[in-house]
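Reading through the structure tokens given below for one structure.
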Amino acid sequence: MTLRMLPPAGRLVDRDDLVRPRPARIGRPPRREIVAVLAPRWAEGSAVTPSALPPAEVLESAARDLSRHLRPDELVTVLPDGRLALRLRRDDRSARPVRLQAMAYHAIEVLSALAPGDAGLLDLGVGWAPVNRRLSPVAALDEATDAAEESVRQRDMQPRATPSARRSRTPRITRWSTGHQILWATVGTVGAGFLGLVATSLVGLDLSSGLYWALVVSLLVTAVTIWAESAAAFDPPRLPPRPETPAPRATAVVAAYLPNEADTILETLRVFLAHDYPGGLQVLLAYNSPTPLAVEVELHAMAESEPDLTVIRVPDSTSKAQNVNAALRVAEGEIVGVFDADHHPADGAFERAWHWLAEEADVVQGHCVIRNGGTNWLTRLVAVEFEQIYAVAHPGRAQLHGFGIFGGSNGFWRASALEQVRLRGSFLTEDIEASMRVLAAGGRIVSDPGLVSRELAPETLRQLWKQRMRWAQGWFQVSCRHLRPVLSSPLLSARQKLGATYLMGWRELYPWIAMATWPLLAFLAWRDGGIDMTSPIFALLTLVVTVSGPVQTLAAWRLAAPEIRQHPRWFAYALVGNLLGYTAFKNLVNRVAHLKQLRGEHQWVVTPRTAGNHTADDTDTDTETPIEEAA
């Protein structure tokens, strides 16, 4: 009989041992390490901002437990200021210590289990800094502590590095920056592609044939995917039967930046308060504002007269993510619906969401419908586009690839899942980023087109440009960060990984691939003295443009919300608008967003909202992030 030995673990040490320099390794490169700080905090009483420290005995127990997850040469200690510090190997070179995130989740589990009964929701700040020639272990500990405090303020449990651990760029942004990027994304792309083809042909290397077939395959893949999603959307998953257990209490979290939404917030809250949900519905407004506003008096007066309404101002918040994370501190429901301040969910929405969450879904994303489509030509175009997204692409993609996406609003979470995942304001599309972490962890996100909420669309091209730029750049951020972890997750099927590749890889490349058509045509005209109009490339382009778009638009009309479907002319206008330039506009936005991200521009632009009891026949939002098609 042989004894099975447990793998050696790390050590629980005191602070001096943790920051003691390592002896030099003769003939071997120095060990790459980081110092990490975990800062657990609870909010005291009714306070929103976490500030209470855990008891010393709780930290000691947590440190002993964490040591079992460490490698033999890794260390953990309890700091006298109520924090945990770790010294870990730095295996990755991307400044994203994946193991540190895992350690944070271990710490959350242990600390939550050991917390006092009245402690409430735990927030955990996570910071780190490298140990290198410039930073001694003591200096790294100080910088990691500062980073952990910023993580506490964000309430998102995201490991944060100090400026010493990452390159920081602050590009100069002028009124001409975007204009130059538009030129590079259009004329520059076409010109560079054409000159590249000409230059290679002059040295005897003709790349046009390879580019031709790459375009043929690319356009065909995109067209077939659109057709497949459109077909699958007609067979969405059936709503599960009513659960046998009583409906649990639910919370509607309305996140607002109040100067932007003062005109519409009272109307929105009245809509939520009028909901009849059998388990009881808490309506929770979590807002931030740089200055006191008159509407705040009305909001708090409404909260005093409405027992189901809770209003909290998040004093240190600068993002929607922080507002939602702070709201979890006082949320009472087992189901948490997240909404923007212009959303009006349909009656019965929370009960319908309960059906899905009782069936072990972690998140269910609903169908967002534009309620001011009749305002002008642009809102009508967006109203149809949202039907293409939420009535066709979302449910169709979920059926094809086996996962849905949380779009930022009209999304319903299992409270325990949202408490663990949190939203991260460091991403421009914190909703999509959270979706990818849920997916990589093996969670289940459902798309239900019958779960309707009505919202406002942008009314001007300037507002639309700013909104879509944030969405496109945020998607690119998430794709760069999460495509590899999702593809390497052992919890996902091959079908899901294929869908993730299309969603975070192909959709980012496609706007550039589609643009390559023009330099190719220009090169063929230069080389051959003209273009053969009978070429298969023209047949394929005609197929994609004249069939894919109408197929998706027709499917959107058939599956649209009734108040949108009753306007068939809107769909005809949208079809023409897509052919004449709206699709090209969205592709341009994606290309410019890539340039902005690569340049280091990270701006959050707030879009004004207007008040009024709008309907589908009646304005404007910077709301949730749908999955847009580039084709």
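A few notes on this one:
- A straight Cα-to-Cα reach below 26 Å connects Lys596 with the lysines Lys320, Lys466, Lys586, residues fewer than 8 places away in its own chain not being considered.
- Tail fraction, Cα-Cα pairs, segment 237-337, threshold 19 Å, whole percent: 44 percent
- Burial order of peptide ranges 386-396, 327-337 (average beta-carbon count within 10 Å, highest first): 386-396, 327-337
- Annotation: extensible slack from Leu220 through Leu491 equals 94.5 nm (criterion: 0.36 nm per residue apart, minus Cα-Cα distance).
- Taking Cβ atoms as reference points and 15 Å as the exclusive limit, the residues near Glu334 contribute a net charge of -4, counting Lys and Arg as +1 and Asp and Glu as -1.
- Annotation: for a label point projected 7 angstrom from Cα along Cα→Cβ of Gln101, residues of segment 421-446 with backbone N closer than 12 Å are 421-422, 424, 433-442.
- Rg to Rh quotient for segment 369-489, alpha carbon positions, Kirkwood Rh: 0.98
- Put a dot 7 Å past the Cα of Ala572, heading toward its Cβ, do the same for Glu60, and the two dots end up 7.9 nm apart.
- The packing ranking of peptides 409-417, 581-589, highest mean first, is 409-417, 581-589, where packing means the average number of other beta carbon atoms within 10 angstrom of each residue.
- Modelled spin-label separation between Leu205 and Leu598, with each label point placed 7 Å from Cα along the Cα-to-Cβ direction: 1.9 nm.
- Relative counts (whole %) of C-alpha pair distances in the chain, using bins that are 20 Å wide: 18, 49, 29, 5, 0
- Count Lys and Arg as plus one, Asp and Glu as minus one, and take only other residues whose Cβ is under 12 Å from that of Leu554; the net charge is then +1.
- Net charge over other residues, Cβ less than 11 angstrom from the Cβ of Glu433 (K, R count +1; D, E count -1): +1
- Protection-proxy order for peptides 549-559, 229-239, each taking the mean of Cβ atoms within 10 Å per residue, highest first: 549-559, 229-239
Every number here is computed from the coordinates shown, using simple stated rules; none is lab data. If you're wondering where the values come from, they're calculated on a predicted model, not measured in any experiment. Backbone-built Cβ (ideal geometry, glycine too); neighbour counts: all protein chains shown.
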